[in-house]
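K.L.:
Pasting a structure here, questions to come.
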Amino acid sequence: MGLAREKLKSAFLPPGVPPRKLCPILLILFNEGLTSSSLMAYVSYMVVDLGATDDLKDVGYYAGFMFSIYFVCQFFSSFVIGVLSDRIGRRPVLLVGTFGLFLSTILFGFSWNYRVALIARALNGLLNGNIGVAKTYLGELTDSSNRVQTFAYFGLMYGLGGVIGSTLGGLTARPAHTMPKIFSEKGLFGKFPYLLPNLLVGACVLLSLVLGAIFITENTRKQTRFTKNDSMEAHLVSGGGDEGETAERVSTDSAPEAVVVVADTHYVAVINRARKKVFARVQPVLLPLYTCVLCGSSTLGQLLTLF
């Protein structure tokens, strides 16, 4: 039984990465996709029910504005949140952001007019800039032996959250109309027809907050190190290193008692210059392509809600 459990664990979890730290981060990423996509299924109905417009020709304008304000606010807050996490740590930023996401999601469900819904949606985007911090946390938690496998879960969890969020929003919005035998028109969910999907999303966010508060800790690895799988250590161990470079045994979160190479400032500068050079070459190509993909997927998703 124990052997089967270890095989199952090694098949799904990256080796050397603490599951107690990995799972809350993956749940936070799942909630990012969940909160961003749950509105997609019912935004057109919500615009009409909140009294934003009586003309069906204007529904697309108001729905698009409500849907896009989330991403606009997330764009501006991501930079501030990233800098803040460098100064005060990843853990408090992740926890405060998740707590704010929970409050704004519940507020959005209780929206009684279009302006309140816009404010709640904007707050949702401002406080939902945890993607960059979560990716940085995963980068600090991993090394070259498990980083690729770990980051593969990033797209999986975010995409899974997007799929479940859209499905959840479509099935649970306006429950007094779609499930009149269970929910009454005069009850709470009749007065706030979009509260139920936001309560369910908020429950997932609250779960990630509790798990994060219990298991997420600050990563202790601060120096730039290269593990035995990197070519830098092979270069240094073979005698190619300059004076001042050493190979020493240290403990890290992802690889306890692993032999690593602590590079001096010269090699750190060389690697930083190489990274900047590579990024400068691919940036003009990748960023426009990624922007076009996001614009296309968002536009398609928004148009589908109007049919």
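K.L.:
Need pairs with beta-carbon distance below 6 Å; first residue within 16 Å of L118 (Cα to Cα) and within region 71-83, second open to solvent by 30 Å² or more (accessible area, probe 1.4 Å); sequence gap 6+ or separate chains.
P.N.:
From residues that are within 16 Å of L118 (Cα to Cα), the pairs are C73/L126.
K.L.:
Residues being open to solvent by 60 Å² or more (accessible area, probe 1.4 Å) and either in contact with a strand residue (DSSP E or B) (Cβ under 7 Å, 6 or more places away or on another chain) or of a type in the set (F, W, Y) (or both): count how many of those fall in region 56-78.
P.N.:
Of the residues in region 56-78, 6 are open to solvent by 60 Å² or more (accessible area, probe 1.4 Å) and either in contact with a strand residue (DSSP E or B) (Cβ under 7 Å, 6 or more places away or on another chain) or of a type in the set (F, W, Y) (or both).
K.L.:
Can I ask one more? Just checking, does region 18-37 include any residue being part of a helix (DSSP H, G or I), modelled with pLDDT under 85 and under 26 Å from G159 (Cα atoms)?
P.N.:
yes
K.L.:
Can you work out which of the residues in region 51-70 that are in a helix (DSSP H, G or I), without any contact (Cβ under 8 Å) to a residue 24 or more places away in the chain and not charged (D, E, K, R) is nearest to N128 (Cα to Cα)?
P.N.:
Going through the qualifying residues, I end up with Y61.
K.L.:
Just give me the residues in region 54-110 being more than 24 Å from G165 (Cα to Cα) and among the polar types (S, T, N, Q), in sequence order.
P.N.:
Scanning region 54-110 gives a single hit, S85.
K.L.:
Please enumerate the residues belonging to region 60-90 that are within 20 Å of S208 (Cα to Cα) and within 14 Å of the chain's Cα centre (by Cα).
P.N.:
Residues satisfying the conditions are Q74, S78, I81, G82, R90.
K.L.:
Identify, from the list G132, G161, the residue that is free of Cβ contacts under 8 Å to residues at least 60 places away in the same chain, of a type outside the set (A, V, I, L, M, F, W, C), in contact with a helix residue (DSSP H, G or I) (Cβ under 6 Å, 6 or more places away or on another chain) and open to solvent by less than 60 Å² (accessible area, probe 1.4 Å). Quick ask: steps written out before the conclusion?
P.N.:
On the way: G161 fails: free of Cβ contacts under 8 Å to residues at least 60 places away in the same chain.
Step by step, each of G132, G161 is checked, and only G132 is free of Cβ contacts under 8 Å to residues at least 60 places away in the same chain, of a type outside the set (A, V, I, L, M, F, W, C), in contact with a helix residue (DSSP H, G or I) (Cβ under 6 Å, 6 or more places away or on another chain) and open to solvent by less than 60 Å² (accessible area, probe 1.4 Å).
K.L.:
Of the residues L118, L123, only one is farther than 14 Å from V205 by Cα, in contact with a Cys (Cβ under 9 Å, 6 or more places away or on another chain) and buried (at least 18 other Cβ atoms within 10 Å of the Cβ); which?
P.N.:
Of L118, L123, the one residue that is farther than 14 Å from V205 by Cα, in contact with a Cys (Cβ under 9 Å, 6 or more places away or on another chain) and buried (at least 18 other Cβ atoms within 10 Å of the Cβ) is L123.
K.L.:
Sticking with this one: Considering each of I81, I106 in turn, give the residue that is at pLDDT 90 or above, surrounded by fewer than 20 Cβ atoms within 10 Å (Cβ to Cβ) and β-branched (V, I, T). Please lay out each step first, then the result.
P.N.:
On the way: I81 fails: surrounded by fewer than 20 Cβ atoms within 10 Å (Cβ to Cβ).
Of the residues listed, the single one that is at pLDDT 90 or above, surrounded by fewer than 20 Cβ atoms within 10 Å (Cβ to Cβ) and β-branched (V, I, T) is I106.
K.L.:
Given (1) part of a helix (DSSP H, G or I); (2) crowded, with 18+ Cβ neighbours inside 10 Å, identify the lone condition not met by D143.
P.N.:
It fails just one condition, (1).
K.L.:
Now, a different point. For region 168-191, indicate whether the set of residues that are in contact (Cβ under 8 Å) with a residue 12 or more places away in the chain, under 21 Å from I214 (Cα atoms) and aromatic (F, W, Y) is non-empty.
P.N.:
So far as region 168-191 goes, no, none of its residues is in contact (Cβ under 8 Å) with a residue 12 or more places away in the chain, under 21 Å from I214 (Cα atoms) and aromatic (F, W, Y).
The values are calculated or read from the model by the stated rules, or taken from the named source; none is laboratory data. These numbers come from a predicted model, not from an experiment. Using ideal geometry, Cβ is built from the backbone for each residue, glycine included, and neighbour counts are taken over all protein chains shown. Side chains are part of the model used for accessible areas, which takes the heavy atoms of the whole protein and leaves out ligands, DNA and RNA. Shrake-Rupley method; radii C 1.70, N 1.55, O 1.52, S 1.80 Å.
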